[in-house]
Each structure stands twice: as C-alpha cells, then as structure tokens.
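Trainee: Quick one: this structure, given as structure tokens, is what I'll be asking you about.
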Amino acid sequence: SVRINETVVKTSTGAIEYINISKVTNLSDTINKLKKLDYWVYGAAGEANINYNEEDYPNKVVLVLGNEGSGIRKKVREHCDKLIKIQMYGQINSLNVSVASGILLSRIVNR
C-alpha cells in the first residue's frame with residue numbers, strides 16, 4: 001500500500017476526487033467486517049483454480065490484490081471467500097498489479 005501523496009494525486013489524473021479511500025490497520029479484520037455487510041471477497045492469486053472470467057460476481061464485491069513480488073499474505077488469503085486468477089499464456093506468468101486490477105475490475109463491473 002502507498003500513502004496518498006502528491007505523486008498519487010497527480011497520477012490519478014483527477015480520479016482521486018471521485019472515490020473514497022479508507023486506510024485500515026488490519027486487513028483481515030476489515031475483510032471480516034465487510035463480510036458482515038454482505039460483501040463477497042475475492043483474492044487475486046496466480047495459483048487459484050477459478051478463472052476470473054468464469055465467475056458470476058455479486059453486487060457487493062471486495063477485490064484483494066497482493067504485491068507484485070509475493071502476492072497476498074497467507075492470513076489475508078485465508079479470509080477471502082474465493083481466489084481467482086487471470087489465465088496466462090506463453091512464457092509470462094504474472095502481471096503488473098495495476099494491469100491485473102484493471103482487467104479484474106472491468107470484468108466485475110461489466111458482469
């Protein structure tokens with residue numbers, strides 16, 4: 001996670017003015033609270049068995065993305081309802097987290 005600084009604001013090209021940002025201290029606890037509010041939690045993981053494009057997403061979705069090096073932490077992963085993956089072809093086995101989030105969010109929104 002990154003702090004909201006001048007670079008983040010500039011890079012967002014104005015989008016930051018239209019979204020709510022929440023900072024949490026414990027992601028696992030936050031996931032549990034969101035589940036009590038009927039959110040379904042998906043974790044993006046390369047080793048998952050579910051193809052993101054074959055999932056029928058509900059209206060209330062939380063998407064958890066890990067860092068580009070080691071992915072989602074084990075404890076956080078255990079709190080996800082399902083793990084989904086973007087099927088990769090050829091020699092490339094991972095995507096930049098911003099590219100992966102764009103692909104997944106596009107699918108979730110356009111379900």
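Trainee: Using θ = phi - 60° and the Karplus relation 6.51 cos²θ - 1.76 cosθ + 1.60, list the HN-Hα couplings for segment 86-92 in order, rounded to whole Hz, with x at every Gly or Pro.
Mentor: Working through the residues one at a time gives 9, 4, 10, 10, x, 8, 7 Hz.
Trainee: Loop only per DSSP, at most 12 neighbouring Cβ atoms within 10 Å: give me the trypsin sites (Lys or Arg not before Pro) in segment 37-80, ordered by residue number. Before the final figure, lay out the partial values.
Mentor: Details: sites: LYS60, ARG73, LYS74, LYS75, ARG77; in loops: LYS60, ARG73.
Filter output for segment 37-80: LYS60.
Trainee: Continuing with the same structure: LYS35: which lysines have alpha carbons under 30 Å from its alpha carbon, excluding same-chain residues fewer than 8 sequence positions away?
Mentor: LYS23, LYS60, LYS74, LYS75, LYS82, LYS85
Trainee: Hey, got a sec? Which GluC sites (Glu not before Pro) in segment 47-106 land in a DSSP loop and have at most 15 other Cβ atoms within 10 Å? Each step should come with its number before you reach the end.
Mentor: On the way: sites: GLU47, GLU54, GLU55, GLU68, GLU78; in loops: GLU47, GLU55, GLU68.
In loop regions of segment 47-106 (DSSP not H, G, I, E or B), the sparsely surrounded GluC sites (Glu not before Pro) are GLU47, GLU68.
Trainee: Roughly what would the spin-label model give for ASN67 and ARG111, points 7 Å off Cα along C-beta, in nm?
Mentor: 3.0 nm
Trainee: Please state the shape class of the chain: rounded when a/c is under 1.5, otherwise prolate if a/b exceeds b/c and oblate if not, all from the C-alpha gyration tensor. Intermediate results must be reported in sequence, preceding the final value.
Mentor: Working: a/c = 1.42, a/b = 1.14, b/c = 1.25.
Because its axes are fairly even, with a/c under 1.5, the chain counts as rounded.
Trainee: Still on this structure, please answer the following. What percent do you get for the relative contact order of the chain when only Cα pairs under 8 Å and 6+ apart count? Mind dumping the intermediate values first?
Mentor: Numbers: 107 pairs, mean separation 31.2, N = 111.
About 28 percent, as a whole number.
Trainee: In what sequence, highest mean first, do 30-41, 81-92 appear when ranked by Cβ atoms within 10 angstrom? List each step's numbers first, then the result.
Mentor: Working: 30-41: 13.9, 81-92: 12.2.
Highest-to-lowest ranking by the protection proxy: 30-41, 81-92.
Trainee: Checking the cross-link filter: which lysines have an alpha carbon closer than 16 Å to that of LYS10, excluding same-chain neighbours under 8 positions apart?
Mentor: Reachable lysines: none.
Trainee: Still on this structure, please answer the following. For the pair LYS23 and LYS82, what calculated FRET efficiency results from E = 1/(1 + (r/R0)^6), where r is the Cβ-Cβ distance and R0 = 25 Å, to the nearest 0.05? Working shown, then result.
Mentor: Details: r = 25 Å, r/R0 = 1.01.
With R0 = 25 Å, the Cβ-Cβ based efficiency is 0.50.
Trainee: A further question on this structure: Whose amide H sits under 5 Å from the amide H of VAL61, counting only residues 5 or more places off or on another chain, with H placed in the peptide plane?
Mentor: TRP40
Here, each number is a calculation from the coordinates, and none is a lab measurement. Keep in mind that this is a model prediction, so the values were computed, not measured. Heads up, the Cβs are rebuilt from the backbone with ideal geometry, glycines too, and the neighbour counts pull from every protein chain shown.
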